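Notes for the one structure printed next.
We did not get these values from a lab; they are worked out from the coordinates using the rules stated. What you see is a predicted model, and the numbers here were worked out from it, not measured in a lab. Using ideal geometry, Cβ is built from the backbone for each residue, glycine included, and neighbour counts are taken over all protein chains shown.
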Amino acid sequence: MTHLTVDRPVRLLLVNPALPESFWSFRWWLDMVPRKRAINLPLGLATLAGLCPPHWEVTIVDENVQSLPLEPEADLVGVCGMGAQLARQSEVLSYYRSLGYPTLAGGSFASLCPEKYAPLADFVVAGEAEYIWPAFCRDFETGAPRALYRETGQVDLRDSPAPRYDLLDLDAYTTVSMQFSRGCPYRCEFCDIIVMFGRRPRTKTPEQIGRELDLLRARSVRSVFFVDDNLIGNKREAKRLLRYLVDYQHRHNYRFAFSTEASLNLADDAELLGLFRAANFSCVFIGIESPDEASLEETGKTQNLRGDMLTAVRTIYSHGIDVLAGFIVGFDNDTPQTFERQYRFIRDSGIQVAMVGLLTALPHTPLYARLEREGRLLPHGVQGDNTKPATNVLPRCMDYEDMIRHYEDLFRRLFRPAAIARRILAKMRHLRCPPPLVQYSRREQVFILRRLLMRGILPGGPVRLFRFVRTLLAASSGTWPQVITDWIAGLAMRDYVRRHFGADPIRAERLVHKTADWLRRHNAAFLPEGLPRVTAVLDNGRAELQLILRGHMGNVFSGPSVRRLERMLRCSAATLSLRIEELRADQQDQVRELLKRLAPYGQRVSVWIHRQLRPSLPMDAYRFHLILEEPAG
Ligand code: SF4
């Protein structure tokens, strides 16, 4: 590896790798709204860019909304990531490293376990970046960077720069992220936030936030999400911020709709709730975790034990603020009956975005240490997405397989259209008029409603249409946007459940073989030349159709063939691997059309395109799993 001794500006490429599809991707939801490609932007990279020396040329590429540059003009490539991105982060690092670029790893997972990254990148930056990143930049310029830069203390957030929002396509995200505080005063046993950021919340000043909002106003942003893990961790500072925001909104014609994460004791403080509403907070994500007191005690979530949780949720609704929530099953006290209690709580609370996760032990947390002592850590790696039907925790009062079965069943029950409607009706009994929807124009709102009807409501027949109308009639016209949002959220999660939970592997395998046979038959004239090559493989229980395209490709791109591929992906959990080795100029349009049609299933479509074809075949690679490695041999 060569280091750079600079006589010109350092060109830094920062990459946010693609996230694997999860509940959090809300892919179906994103297809409902114009222009949006992802939910959250890479705030850490924008902040890192703000910390770079002014003479550095920084580019940010978010693979979730744009294609990865395959041969960038860069002196250094930095790749960040959360635990869920580890696999792709490794692929991207290894690709750029193989081309000779100096590489750097960072992000929340590298901060939690930097040791995992030493073999993957030339440099690792672990922990809060405000002080160590400038040190790395200086060392890189002088040609003597160390392999590891680790923050062991805590940063004063007043030293944190405004994120370089100008380096991102903000219009591609449903909300723009911002951060006010780091750290949380509570001590939930499973939580990695307090491991990384400590238990003393540190904050920016309200004026810093004001300057960041000014930047967003100049870019026409309307929706802002405070990514703080608990915005009210320091209530005194939170109120100071909220008073500032109320004044800011008043001065700027209530420009923004805000949302954030907070602990449930928000509901105990009427002044705080009033300020949330006055500042135009439209929703808040809360870690409820469990309706069982014993499980909350066990995990140290004592702040949820101070009163009736259902009442707390309804109190928040009564201020016009929607509640999204996280739930966990798999605590030591949990039994198969816990799933029924979770279902009833979620049903009665009306929480539509209910992220139920299996208890997962993240490295370096107190939970991890305890389970390691007790010999109850399973060998599966942590996937970083706790809403997948797998975990590294061996439950105490349930059989592991039983727990997974109940877990999948809970999601299937929660996202039946009848259950979606029932939760909306429960919410509407308590939700007072929410802040007006500022994010979309009237025209865009009509577009969204039409899409929801065409793609989500009418395909369910008259019964679903009746339920939809009933939920609208139960709400005042001011809360209709919330009803529509809840239907979109519920159906988006349902779409994910249907495709990922309890998918029948035998059906997938059968469909892959049938599709492969069909393609072979209908391309028989070209097969003697050996191409296109169609192979059905079963890899680790996963059925995949592999399609290699080279030379004359016959009917592969004709309407019926494409429809066969779409059907296979729509009706099963099968995956498709598409390798484009050669392409005649007159077939490029067909390939583009094929990729467009496969895009809705892109998370299960891996695409490899020969290096020489890439310039003539630009594609929205963010939709697919773009294979970066050159094939062996
Ligand atoms: S309240 Fe949330 S952020 Fe705070 S310790 Fe518990 S899980 Fe972590």
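With charges set only on the Cβ (+1 for Lys and Arg, -1 for Asp and Glu), what does the dipole of the chain come to about its Cα centre, in debye to the nearest 20? Mind dumping the intermediate values first?
Working: 84 positive and 72 negative charges, 527 e Å.
The dipole magnitude comes to about 2540 debye.
Please report the antiparallel percentage of DSSP beta bridges with both residues in the chain, rounded to the nearest 5.
Values: 10 of 65 bridges.
Expressed as a percentage, antiparallel bridges in the chain total about 15.
Once you put a point 7 Å from the Cα of S476 and another 7 Å from the Cα of R432, both along the Cβ direction, what distance in nm separates them?
0.9
What share of all Cα pairs of the stretch 148-291, in percent, falls into each consecutive 10 Å distance bin?
In whole percents, the pair-distance histogram is 11, 41, 35, 12, 1.
Using the Kyte-Doolittle scale, which helices in the chain average at least -1.0 and also have C-alpha atoms spread 27 Å or more along the helix axis, with helices defined as whole DSSP H runs? Please report the intermediate quantities before stating the final value.
Working: long enough: 480-500 (30 Å, -0.30).
Those that clear 27 Å and a mean of -1.0 are 480-500.
Report the Cα centroid-to-centroid distance between the stretch 108-127 and the stretch 422-439 in angstrom, as an integer.
That distance is 43 Å.
Please give the Cα centre distance for the stretch 150-167 versus the stretch 570-597, rounded to the nearest Å.
Comparing the Cα centres of the stretch 150-167 and the stretch 570-597, I get a distance of 43 Å.
Just check the stretch 5-154 against the gyration tensor rule for me: Cα atoms, a ≥ b ≥ c as the square roots of the eigenvalues, rounded for a/c under 1.5, and otherwise prolate or oblate depending on whether a/b exceeds b/c.
Details: a/c = 1.75, a/b = 1.52, b/c = 1.14.
Judged from the Cα gyration tensor, the stretch 5-154 comes out prolate (a/c at least 1.5, a/b above b/c).
Just to confirm my understanding: which cysteines in the chain have no other cysteine beta carbon less than 4.7 Å from their beta carbon?
By the Cβ distance rule, which asks for a partner under 4.7 Å, the isolated cysteines are C52, C80, C113, C137, C184, C283, C397, C433, C571.
How high is the relative contact order of the stretch 429-526, in percent, counting Cα pairs under 8 Å that sit 6 or more residues apart?
Numbers: 22 pairs, mean separation 28.2, N = 98.
RCO, the stretch 429-526: 29 percent.
Would you mind putting 459-470, 418-429 in packing order, based on average other-beta-carbon counts within 10 Å, highest first?
On the way: 459-470: 13.7, 418-429: 19.3.
The packing order, highest mean first, is 418-429, 459-470.
Just grab the label-to-label distance for S94 and H610, each label 7 Å out from Cα along the Cβ direction, in nm (one decimal).
Placing both labels 7 Å along Cα→Cβ, they lie 2.5 nm apart.
When you count, for each residue, the other Cβ atoms within 10 Å and take the mean per peptide, how do 40-46, 509-515 rank with the highest first? Show your work: numbers first, answer last.
Details: 40-46: 23.3, 509-515: 19.1.
The peptides rank, most packed first, as 40-46, 509-515.
For the pairs K36/K116; K235/K427; K235/K301, note any where the Cα-Cα span goes beyond 29 Å. Working shown, then result.
Values: K36/K116 33 Å; K235/K427 27 Å; K235/K301 18 Å.
Where the Cα-Cα span goes over 29 Å, the pairs concerned are K36/K116.
Got the relative contact order for the stretch 122-163 handy, in percent, Cα pairs under 8 Å and 6 or more residues apart?
On the way: 39 pairs, mean separation 20.8, N = 42.
Once divided by the residue count of the stretch 122-163, the mean separation gives 50 percent.
Determine the relative contact order of the chain: mean sequence separation of Cα pairs under 8 Å and six or more apart, normalised by residue count, in whole percent.
On the way: 1142 pairs, mean separation 69.9, N = 633.
RCO, the chain: 11 percent.
May I have the convex hull volume per residue, in Å³, for the Cα set of the stretch 283-355? It would help to have the intermediate numbers written out before the result.
Values: hull volume 5.7 nm³, N = 73.
So the per-residue hull volume is 79 Å³.
Once you have a ≥ b ≥ c as the square roots of the Cα gyration tensor eigenvalues for the stretch 370-444, tell me rounded if a/c is under 1.5, and otherwise prolate or oblate according to whether a/b is larger than b/c. Numbers along the way, then the final one.
Numbers: a/c = 3.01, a/b = 2.19, b/c = 1.37.
Prolate shape, in that a/c is at least 1.5 and a/b is the bigger ratio.
Name the residue from A238, Q546, P434 whose Cα lies farthest towards the positive end of the charge dipole of the chain, charges +1 on Cβ of Lys and Arg and -1 on Cβ of Asp and Glu.
The residue sitting farthest along the positive end of the dipole is P434.
Excluding residues on the same chain fewer than 8 positions from K514, give the aspartates and glutamates whose Cα lies under 14 Å from its Cα.
Straight-line reach from K514, under 14 Å: E544, E566.
Could you tell me what a quarter of the Cα convex hull surface of the stretch 391-519 works out to, in nm² with one decimal place?
Averaged projected area of the stretch 391-519's Cα convex hull equals 12.5 nm².
In whole angstrom, note down how far apart the Cα centers of the stretch 78-93 and the stretch 353-368 are.
Value for the Cα centre distance between the two parts: 20 Å.
Would you mind classifying the stretch 127-190 by shape? Square roots of the alpha carbon gyration tensor eigenvalues, ordered a ≥ b ≥ c; an a/c under 1.5 is rounded, otherwise it is prolate if a/b is larger than b/c and oblate if not. Let's see the in-between values first.
Details: a/c = 2.25, a/b = 1.17, b/c = 1.93.
The shape class here is oblate.
Provide the descending list of Cα extents for the chain along its principal axes, expressed in whole angstroms.
Per principal axis, max minus min of the Cα coordinates gives 75, 68, 57 Å.
Using Cβ counts within 10 Å as a stand-in for footprinting exposure, how do H610, H319 rank, fewest first?
H610, H319
Taking H placed 1.01 Å from N in the peptide plane, check which residues at least 5 places from L626 or on another chain put their amide H under 5 Å from its amide H.
V607
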